[in-house]
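Asks: Just dropping this structure here.
The values are calculated or read from the model by the stated rules, or taken from the named source; none is laboratory data. As the structure is a prediction and not an experimental result, all values here were calculated from the model. Quick reminder, even Gly has a Cβ in these numbers, built from the backbone with ideal geometry, and neighbours come from all protein chains shown. Please note that ligands, DNA and RNA were not included when accessible areas were found on the heavy atoms of the full protein model with its side chains. Shrake-Rupley method; radii C 1.70, N 1.55, O 1.52, S 1.80 Å.
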Amino acid sequence: MTGLEERESQRQAYLAAHGYGAARRDPMGGDASTRAYERLYLPDGSTRVFMDQPPALETAVAPPNATPDQRKAMGYNALTRLAGGRVDAFAAVAGYLRSRGLSAPEVFDFDPVRGFAVLEDLGDGLFARLTEAGQDPLPLYEAATDIQVALHAEPPPKVLTAPGAAWALSTYDDLALRTYTEMFLEWWPRYANLPPLPLEAAEEWEALAAPIRARGEAGATFFAHRDFHAENLLWLPEREGLARVGLLDFQDAVRAHPAWDLLHLLQDARRDVAPDLEAAMLERYLAARPEVDRQAFLADYRGLATLNAARILGPIFARQVVAFGKRRYIDFMPRTWGYLERNLDHPDLTDLKHWFDRWIPRDTRPSRSIA
């Protein structure tokens, strides 16, 4: 029996043992992870979602108190605070979000050893698909911004719990941010056919990025979904209030700076978010949280958004193209460079703008403005 056949046998056994053996199974669109999803059509006409996350395909996950050296020895997931193949992380985070009155899927059954879970089916109304079809994005983005306001009303517990699951919420710290952004220095030159950046460039980058990372870690006191964008948000108009936004793909949640999820929403690598919509949602958020230092928050937002754009352009896009031949990521690069350059135009980031102008020539940046 091949590995694929053995995994399929495990799927069938799990579903049969939990009362879903008679369900019709249809594959669903996946994401960039090692997870796969199927929609289960039950004999009574209802549906569920089946998550298949093989733990063996992921590197180890570090406990929150692991030292930097221990995390480096454990691998990429530990360095960057990812949950890897842990479906118990998904179950625990879902439980926390549901306890706050938010629409995360109910987890009906899960097996953390084998990496299976059966979830509530929240439908297909992704923000991304609705806006592509012409729906006005404003009400959707207003509701998503209000989710952020609600989540930032109080700090999350140190350990998130749900029936059968407990997950310690790690901090999105300097090491995680540095691991991601340093990969830009390696992979963008390789993609753009530039010579390797010299030590001087790396040292200048560190001097400029370190204070931004430090502010990011110092402000890391709130729950962050971590992948909060239009491909992971569903519109549920039949529900009320904050519950109108369905939440997906939150298993990598961390304790992070409150700007983190907003910048993912408003500088979305996979679709244009107009500058006026971004500005309006930032104003909406700040108006709802008058205790926040406006100037400091916006400075942190711009700085962290710039580092996040570098994170996406390096290890996610350039590396996927160069190392694995996944050329579809090329289409997303101009938009992400556009966001990055929008941030760099602000006086707060003049020195970082000079770094890019010196070391990453403009003709190697496939940038475009976003109207």
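Asks: Could you figure out which of (1) buried (at least 18 other Cβ atoms within 10 Å of the Cβ); (2) out of contact with any Asp or Glu (no Cβ under 9 Å at 6 or more places or on another chain); (3) not hydroxyl-bearing (Ser, Thr, Tyr) isn't true of Arg294?
Replies: Only one criterion in (1) buried (at least 18 other Cβ atoms within 10 Å of the Cβ); (2) out of contact with any Asp or Glu (no Cβ under 9 Å at 6 or more places or on another chain); (3) not hydroxyl-bearing (Ser, Thr, Tyr) is unmet by Arg294, namely (1).
Asks: Residue under question is Gly84, and the condition is that it be of a type outside the set (Val, Ile, Thr), on the phi > 0 side of the Ramachandran plot, touching a Ser or Thr at 6+ places or on another chain (Cβ under 9 Å) and part of a loop (DSSP other than H, G, I, E, B); does it hold? It would help to see each step written out before you state the result.
Replies: Numbers: of a type outside the set (Val, Ile, Thr): yes; on the phi > 0 side of the Ramachandran plot: yes; touching a Ser or Thr at 6+ places or on another chain (Cβ under 9 Å): yes; part of a loop (DSSP other than H, G, I, E, B): yes.
Yes.
Asks: State all residues of region 1-23 that are part of a loop (DSSP other than H, G, I, E, B), open to solvent by 60 Å² or more (accessible area, probe 1.4 Å) and among the hydrophobic types (A, V, I, L, M, F, W, C); if no residue qualifies, say none. Write out each step before concluding.
Replies: Keep residues of region 1-23 that are part of a loop (DSSP other than H, G, I, E, B), which gives 1-2, 18-23.
Still in the list and also open to solvent by 60 Å² or more (accessible area, probe 1.4 Å): 1-2, 18-19, 22.
Result: Met1, Ala22.
Asks: For the structure I just gave you, tell me whether Asn77 is within 23 Å of Leu169 (Cα to Cα) and either in contact with a Phe, Trp or Tyr (Cβ under 6 Å, 6 or more places away or on another chain) or at pLDDT below 90 (or both).
Replies: Working: within 23 Å of Leu169 (Cα to Cα): yes; either in contact with a Phe, Trp or Tyr (Cβ under 6 Å, 6 or more places away or on another chain) or at pLDDT below 90 (or both): no.
No, not satisfied.
Asks: Any idea which of (1) at pLDDT 95 or above; (2) surrounded by fewer than 22 Cβ atoms within 10 Å (Cβ to Cβ) is the one Tyr141 doesn't satisfy?
Replies: With (1) at pLDDT 95 or above; (2) surrounded by fewer than 22 Cβ atoms within 10 Å (Cβ to Cβ) applied to Tyr141, the lone miss is (2).
Asks: Another question, if that's okay. Going residue by residue through region 357-366, is there one that turns out to be surrounded by fewer than 19 Cβ atoms within 10 Å (Cβ to Cβ), touching a residue at least 24 places away in the same chain (Cβ under 8 Å) and hydroxyl-bearing (Ser, Thr, Tyr)?
Replies: Scanning region 357-366 turns up at least one residue that is surrounded by fewer than 19 Cβ atoms within 10 Å (Cβ to Cβ), touching a residue at least 24 places away in the same chain (Cβ under 8 Å) and hydroxyl-bearing (Ser, Thr, Tyr).
Asks: Pull out all pairs, ordered by first then second residue, where Cβ-Cβ is under 7 Å, the residues are six or more apart or on different chains, the first lies in region 235-254 and is aromatic (Phe, Trp, Tyr), and the second is open to solvent by 50 Å² or more (accessible area, probe 1.4 Å).
Replies: If the second residue must be open to solvent by 50 Å² or more (accessible area, probe 1.4 Å), the pairs left are Trp235/Arg244.
Asks: In region 315-371, how many residues are under 22 Å from the mean Cα position of the chain (by Cα) and among the charged types (D, E, K, R)?
Replies: Final tally of qualifying residues: 8.
Asks: Another question, if that's okay. When you check Val118 against the structure, is it over 22 Å from Gln267 (Cα atoms), open to solvent by 40 Å² or more (accessible area, probe 1.4 Å) and either of a type outside the set (Phe, Trp, Tyr) or out of contact with any strand residue (DSSP E or B) (no Cβ under 6 Å at 6 or more places or on another chain) (or both), yes or no? Let's see the steps before the verdict.
Replies: Values: over 22 Å from Gln267 (Cα atoms): yes; open to solvent by 40 Å² or more (accessible area, probe 1.4 Å): no; either of a type outside the set (Phe, Trp, Tyr) or out of contact with any strand residue (DSSP E or B) (no Cβ under 6 Å at 6 or more places or on another chain) (or both): yes.
The answer is no for Val118.
Asks: When region 342-371 is examined, which residues are found to be closer than 19 Å to Trp187 by Cβ and in a helix (DSSP H, G or I)? Quick ask: steps written out before the conclusion?
Replies: Quick first cut of region 342-371, residues closer than 19 Å to Trp187 by Cβ only: 352, 355-356, 358-367.
Listed by number, the residues that qualify are Leu352, Trp355, Phe356, Arg358, Trp359, Arg362, Asp363, Thr364.
Asks: Still on this model: In the set Asp227, Asp272, which member is in contact with a helix residue (DSSP H, G or I) (Cβ under 9 Å, 6 or more places away or on another chain), of a type outside the set (Lys, Arg), open to solvent by 20 Å² or more (accessible area, probe 1.4 Å) and over 19 Å from Asn343 (Cα atoms)? Explain how you work it out, then say what you get.
Replies: Working: Asp272 fails: over 19 Å from Asn343 (Cα atoms).
None of the others qualify; the one that does is Asp227.
Asks: Taking the options Arg39, Arg71, name whichever one is of a type in the set (D, E, K, R) and outside any helix (DSSP H, G or I).
Replies: Numbers: Arg71 fails: outside any helix (DSSP H, G or I).
The conditions single out Arg39.
Asks: Assuming Tyr37 fulfils every condition listed in (1) open to solvent by less than 50 Å² (accessible area, probe 1.4 Å); (2) in contact (Cβ under 8 Å) with a residue 24 or more places away in the chain; (3) in contact with a strand residue (DSSP E or B) (Cβ under 7 Å, 6 or more places away or on another chain) apart from one, which condition is it?
Replies: Among (1) open to solvent by less than 50 Å² (accessible area, probe 1.4 Å); (2) in contact (Cβ under 8 Å) with a residue 24 or more places away in the chain; (3) in contact with a strand residue (DSSP E or B) (Cβ under 7 Å, 6 or more places away or on another chain), the lone unmet condition for Tyr37 is (2).
Asks: Still on this structure: Enumerate the pairs (first residue in region 121-143 and more than 13 Å from His229 (Cα to Cα) and part of a loop (DSSP other than H, G, I, E, B); second residue anywhere and of a type outside the set (Lys, Arg) and open to solvent by 20 Å² or more (accessible area, probe 1.4 Å)) with beta-carbon separation below 6 Å, excluding pairs fewer than 6 apart on the same chain, so at least 6 apart or on different chains.
Replies: What qualifies is Asp121/Thr47; Gly125/Trp235.
Asks: To continue, here is another question. Which of the following residues is outside any strand (DSSP E or B), under 30 Å from Pro361 (Cα atoms) and open to solvent by less than 60 Å² (accessible area, probe 1.4 Å): Glu204, Glu200?
Replies: Details: Glu200 fails: open to solvent by less than 60 Å² (accessible area, probe 1.4 Å).
Exactly one residue qualifies, and that residue is Glu204.
Asks: Quick check: is even one residue across region 103-115 open to solvent by less than 20 Å² (accessible area, probe 1.4 Å), more than 18 Å from the chain's Cα centre (by Cα) and farther than 30 Å from Asp174 by Cβ? So that I can check it myself, show each step before the final result.
Replies: Here is the first cut: in region 103-115, the residues open to solvent by less than 20 Å² (accessible area, probe 1.4 Å) are 103-105, 115.
Still in the running and more than 18 Å from the chain's Cα centre (by Cα): 115.
Still in the list and also farther than 30 Å from Asp174 by Cβ: 115.
Yes, the conditions are met somewhere in region 103-115.
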